[in-house]
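Here is the structure we will look at, set down as structure tokens.
The values are calculated or read from the model by the stated rules, or taken from the named source; none is laboratory data. Small disclaimer: the values here were computed from a predicted structure and weren't measured. Positions of Cβ are backbone-derived with ideal geometry, glycine not excepted, and every protein chain shown enters the neighbour counts. In case anyone asks, the SASA skips ligands and DNA or RNA and just uses the protein heavy atoms, side chains included. Shrake-Rupley method; radii C 1.70, N 1.55, O 1.52, S 1.80 Å.
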Amino acid sequence: MTSLLTFRLHGTIPAATGRELQAELRQAQEVGTDHRRAQKQFFAKFDAVLDRGPIGPRYFENEKIAEVLAGEIMMLEETGFRVHAFAILPNHAHLVLELSADSSLSFAKAVDLLHLRTGTACRRLVRPKLPPEAEFWQVGWHEYGVQDAAELARLLTYVRGNARQAGLPARFQEWPYASE
């Protein structure tokens, strides 16, 4: 099983915008829009909001914090995942992961552990900016299952070019916290 996962820092999408996006997704599904098409439309809007970064923290602009996340993403290879691609942007990350059939972890467990480990380590680095009771990661994540090789190729191109597409400065387009 291969999926595109997107997770974000806590507070990076205005609550009203999040509700609007969820309502649009439910409405599209209620009127009979194909499930995958509805998911793609939702993701495009969701990611555009994150790319604009209208509110919330941008902790991954700090290379030490981005390095913690990148290292933990690569450690997923040790737990039965193949990391096809990833991109760390200022307020969110995209990963294309493949779970091997013999892995003892699920996507949910792996991402929960990734959130826990990186949240703990990154909180130490942002402690002056982040009160102890504040969340680091937004609870949950967006998951989109890959159907075939052509879709995988499109998603890899998307993830690898996301910083450029989002209009981020050259340092994000060329920095080491994206896979090739």
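Just add up the charged neighbours of Glu24: K/R +1, D/E -1, any other residue whose Cβ is under 13 Å from the Cβ of Glu24.
Here the count lands on +3.
Here the calculated FRET efficiency for Ala15 and Ala150, from their Cβ-Cβ distance with R0 = 25 Å, stands at 0.10, rounded to the nearest 0.05. What a 1.4 Å probe finds exposed on the chain is 53% carbon and sulfur by accessible area, rounded to a whole percent. When only the Cβ of Lys, Arg, Asp and Glu is charged (+1, +1, -1, -1), the dipole of the chain relative to its Cα centre reaches about 520 debye. Taking all protein chains into account, the per residue accessible area for region 96-149 stands at 59 Å² (1.4 Å probe).
Annotation: per residue accessible area for region 1-91 equals 49 Å², rounded to a whole number [probe 1.4 Å, protein chains only]. If R0 is 25 Å, the Cβ-Cβ spacing of Arg58 and Gln29 corresponds to a FRET efficiency of close to 0.20. A simple rule links phi to the HN-Hα coupling: the Karplus curve 6.51 cos²θ - 1.76 cosθ + 1.60 with θ = phi - 60°, which for region 83-95 gives 8, 6, 6, 7, 9, 10, 9, x, 10, 7, 9, 10, 9 Hz, with x for Gly and Pro. Positive contributions from Lys and Arg (+1) and negative ones from Asp and Glu (-1), summed over other residues with Cβ under 11 Å from the Cβ of Lys40, come out at +1. Modelled spin-label separation between Gln165 and Asp102, with each label point placed 7 Å from Cα along the Cα-to-Cβ direction: 3.5 nm. Under 27 Å from the Cα of Lys109, which lysines turn up, not counting those fewer than eight places away in the same chain? Counting by Cα, and skipping residues close in sequence, Lys109 has these lysines nearby: Lys40, Lys45, Lys64. Full extension of the chain between Thr120 and Arg37 yields a length gain of 26.3 nm, computed as 0.36 nm times the residue separation minus the alpha carbon distance.
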